[in-house]
1. Under 6 Å by Cβ, and 6 or more places apart or on different chains, what pairs join a residue from the range 263-287 that is touching a residue at least 40 places away in the same chain (Cβ under 8 Å) with one that is within 16 Å of the ligand (Cβ to nearest atom) and hydroxyl-bearing (Ser, Thr, Tyr)?
2. Search the range 86-106 for residues that are without any contact (Cβ under 8 Å) to a residue 60 or more places away in the chain and pair each with any residue that is surrounded by fewer than 19 Cβ atoms within 10 Å (Cβ to Cβ) and basic (Lys, Arg) when their beta-carbon atoms are under 7 Å apart and the residues are at least 6 apart or on different chains.
3. Go through the range 393-415 and report how many residues are in contact (Cβ under 8 Å) with a residue 12 or more places away in the chain and assigned to a strand (DSSP E or B).
4. Out of GLU121, GLU80, GLU96, GLU171, I need the residue that is over 19 Å from TYR6 (Cβ atoms) and surrounded by 13 or more Cβ atoms within 10 Å (Cβ to Cβ). Which one?
5. Give just the number: which of (1) outside any strand (DSSP E or B); (2) closer than 30 Å to THR50 by Cβ; (3) within 16 Å of the ligand (Cβ to nearest atom) does GLU212 not satisfy?
6. Go over the candidates GLY396, GLY382 one by one and state the one that is touching a His at 6+ places or on another chain (Cβ under 8 Å) and under 19 Å from ALA233 (Cα atoms).
7. Can you name the residue in the range 389-426 that is small (Gly, Ala, Ser) and within 16 Å of MET345 (Cβ to Cβ) and is also surrounded by the most Cβ atoms within 10 Å (Cβ to Cβ) among such residues?
8. Within the range 344-375, track down each residue that is more than 16 Å from the ligand (Cβ to nearest atom) and surrounded by 20 or more Cβ atoms within 10 Å (Cβ to Cβ).
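What follows is calculated from the coordinates using simple rules that are stated; it is not laboratory data. Given the structure is predicted, the values throughout are model-derived calculations rather than measurements. Neighbour counts run over all protein chains shown; Cβ positions are idealised from the backbone, glycine included.
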Amino acid sequence: MADRLYAARRRRFMDSLSDGVALFQSAPTVQRNGDVEHPYRQDSDFHYLTGFEEPGAYAVLQKAGRKRTFTLFVQPCDPEMEVWTGKKVGLEGAMERYGANEAFSRAEFFDRLPGMLTNQERLYVEFGRDTGFDARLTSVIESLKAEARKGVFGPWRIIDPRTVLWELRLEKSAADIRTLQKACDISKAAFAAAMRAVRPGMGEWELAAVVEFEFRRRGSPRVGFETICASGANATTLHYITNDSTIGEEDLVLMDAGAEYNYVTADISRTFPASGRFTEPGLTVYKWVLKAQKAAIAKVRPGVTYREVHEAGLEVLCRGLKSMGAVKGSLKKIIEKATYQPFFMHRIGHWLGADVHDVGPYFDGSKSVKLRPGMVITIEPGLYFPKGDPSPKALGGIGVRIEDDVLVTEKGNRVLTDGLPKEPADIEDLMAGKDDWWDDLRPVSVKRKRRT
Ligand SMILES: [Mn+2]
């Protein structure tokens, strides 16, 4: 049962808490325009602990020694509304399918809150995301304190649950890795499709649609973040998402995209020539970025710090910049004075999970965090030469980024996005394949009939 995964997470979370109550709210719905809402996606923390996907819910986790209770407040079933919106999970479903010990209508939440907080030493709650909620919660806490003479006390210690939860989210379980692998597999297939589908003269939007079409038809409900499809000089804008230019014959295309699957997302970048053939000087830039990416990936293993991984990639990028004439001086000076920064201005990568830039600390006090088995990090060096100063003239308008998703294992690492070509010759081979994506469109969920 799927609920076992969430029950195990709640157990681990509660094991890390002191006695008290933890409150979580579902993500709000957001109006798009008129009576249309933005597509709903549950809050990552809320989903992590409950698996519950509907809006308008509260989760309450109580711990008193060995006794733990899990209460959900949800939208009750409403047959009249269900004609419009379909079936809701409801109170019974919250208990049967989501493992809540008790379930109530969301309308009862603030009436039941004083009872749940009475004589609780600690309250774990995140303030600052919903001022209406904050105000009501504060007034409940203060009203409990006002009853001190009756022997009642309210929570004096208020703690942000993310301090505990985000450490848990940072280290992925075997089940988390299986889900992430699925998101990576879907994304890899979509990137391979994009490489086969691209043609000079196509719109960036059209190529972005190919990738997203492949995500959706392979079972991903949504993208993990806005798809970046940047041709030519657009690739020098790091988070280019307008995707509204036409892809030129000579252009390199930088795609950065990821399919979400069961609330975790992949995050892949590939840069490939629209024509199917790498040419100079783009190829030289590409090779340096690839070399940097391999150097950084090779560093990934338990005990190595995030910073050391960053520096391994950075050093290769700087050597490349120097050999291409973009920066001058000794390698040491280039790194010390950060003269590489106009061309490489981001970090080597980030944690990956439910959020594309996933939660979890990068520092342990003032020290860079050490990698541990179960962490997943993206490795995504890039070099970007905007047109004009300070880029060398020949390189102006070239942007290259190569990104893979890397799991830290006991012995070293495993690249979850392995198998998607990144060697120039392998990309060219894939693009030259006579398998033409545009002629090969069949539903993936319908089994092909065998010819007799
Ligand atoms: Mn990334």
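1. Qualifying pairs under 6 Å: ALA266/SER187; ASP267/THR378; ILE268/SER187; ILE268/THR417.
2. Listed pairs, sorted by first residue: VAL89/ARG97; PHE104/ARG112.
3. We begin by selecting, within the range 393-415, every residue in contact (Cβ under 8 Å) with a residue 12 or more places away in the chain; these are 394-413, 415.
From what's left, assigned to a strand (DSSP E or B): 398-401, 403-408, 413, 415.
Counting residues in the range 393-415 that are in contact (Cβ under 8 Å) with a residue 12 or more places away in the chain and assigned to a strand (DSSP E or B) gives 12.
4. Values: GLU80 fails: surrounded by 13 or more Cβ atoms within 10 Å (Cβ to Cβ); GLU96 fails: over 19 Å from TYR6 (Cβ atoms); GLU171 fails: over 19 Å from TYR6 (Cβ atoms).
GLU121 is the lone residue from the list that is over 19 Å from TYR6 (Cβ atoms) and surrounded by 13 or more Cβ atoms within 10 Å (Cβ to Cβ).
5. (3)
6. Numbers: GLY396 fails: touching a His at 6+ places or on another chain (Cβ under 8 Å).
Within the list GLY396, GLY382, the selection yields GLY382.
7. Of all residues in the range 389-426, those small (Gly, Ala, Ser) come to 391, 394, 396-397, 399, 412, 419, 425.
Keeping just the survivors that are within 16 Å of MET345 (Cβ to Cβ) gives 391, 399.
Values: SER391: 18, GLY399: 27.
Once the filter is applied, the top-ranked residue is GLY399.
8. Filtering the range 344-375 for residues more than 16 Å from the ligand (Cβ to nearest atom) gives 361, 363-374.
Listed by number, the list holds a single entry, LEU371.
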